[in-house]
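Engineer: Got a structure for you, written out below as structure tokens; questions coming shortly.
The values are calculated or read from the model by the stated rules, or taken from the named source; none is laboratory data. Note that this is a predicted model, so its numbers are computed, not measured. Note that we place each Cβ from the backbone using ideal geometry, even for glycine, and neighbour counts take in every protein chain shown. Note: accessible area is taken over every heavy atom of the protein model, side chains too, but ligands, DNA and RNA are not part of it. Shrake-Rupley method; radii C 1.70, N 1.55, O 1.52, S 1.80 Å.
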Amino acid sequence: GVRTLSPLSAFLGRWGIPASQENALINRVVATVRENLRLAGAQVNVLNSRDHPDPFGQPDVSRLIVGGTVDESGIPTIGIAQSIDPGNYDTEETALILLDIVSGPAGDDASFNAYLKPTSDRVRFVGTALGNLASHEAGHYLGSFHVDQYNDVLNLMNQGGVNFDQLYGVGPDGIGGTADDP
């Protein structure tokens, strides 16, 4: 059915990001998704709802929705794609990235706050982590399955639930938004 989801702006304070930096955060998310999909060989145009009218429903348009909570969506996850589509035969799919868990308390490894410290560049880290989550879900509807998350190889298609630090791009210091982040 139809669901109303909270916008990205509703979660900024939970990461300690002021509303005045929302545009910078969106820019970082979009740049991260573009870079990740380009490196994966996907030839796609990445738009965003801030700068573009919503083209969903037109031929060959898939979408990534970034916002909302588990309660609002009724889906108990951080991110989910409509399908895993080897060959990308269905070019009009949806993926969802929910923000309540990733903006939750620092004691949860799935929360970005577990990796944020006073020295963190919050916009850079949260933007990259959200962009990586969005890229992972787009990877599914573009045809990629999960890979082995228990090895030392960094891969955006690692299965969820472990290695959040790798997925989010945390460097060896264990702190997001610092110079050693990959």
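Engineer: With springs only between Cα atoms under 10 Å, which of 129, 81, 24 fluctuates most in a Gaussian network model of the chain?
Structural biologist: 24
Engineer: I would also like to ask the following. Quick one: Debye curve from the alpha-carbon atoms of the chain only, equal weights, vacuum; give me log10 I(q)/I(0) at q = 0.08, 0.09, 0.14, 0.20 Å⁻¹ to two decimals.
Structural biologist: For the chain at q = 0.08, 0.09, 0.14, 0.20 Å⁻¹, log10 I(q)/I(0) is -0.23, -0.29, -0.74, -1.61.
Engineer: Kindly work out what percent of the DSSP beta bridges joining two residues of the range 43-182 are antiparallel, to the nearest 5.
Structural biologist: 35
Engineer: If you place +1 on the Cβ of every Lys and Arg and -1 on the Cβ of every Asp and Glu, how big does the dipole about the Cα centre of the range 1-140 come out, in debye to the nearest 20?
Structural biologist: For this selection, approximately 540 debye.
Engineer: Take the chain, connect every pair of alpha-carbon atoms lying under 10 Å apart with a spring to form a Gaussian network, then pick out the residue of 83, 111, 49 with the largest mean-square fluctuation.
Structural biologist: Of 83, 111, 49, the Gaussian network model singles out 49 as fluctuating most.
Engineer: Relative to the Cα centre, what is the charge dipole magnitude of the range 47-104, using +1 at the beta carbon of each Lys and Arg, -1 at the beta carbon of each Asp and Glu, and rounding to the nearest 20 debye?
Structural biologist: That gives a dipole near 140 debye.
Engineer: Right, something else. Quick one: dipole size for the range 10-54, taken about the Cα centre, charges +1 on Lys/Arg Cβ and -1 on Asp/Glu Cβ, in debye to the nearest 20.
Structural biologist: The calculation lands at about 120 debye.
Engineer: A further question on this structure: Could you bin all the Cα-Cα distances of the range 48-142 into 10 Å bins starting at 0 and give me the percent of pairs in each, rounded to whole numbers?
Structural biologist: P(r) over the range 48-142, rounded to whole percents: 16, 41, 32, 11, 1.
Engineer: Next up: Where only protein heavy atoms count, and the probe is 1.4 Å, what is the accessible area per residue for the range 67-182 in Å²?
Structural biologist: Here the residues of the range 67-182 average 44 Å² of exposed surface.
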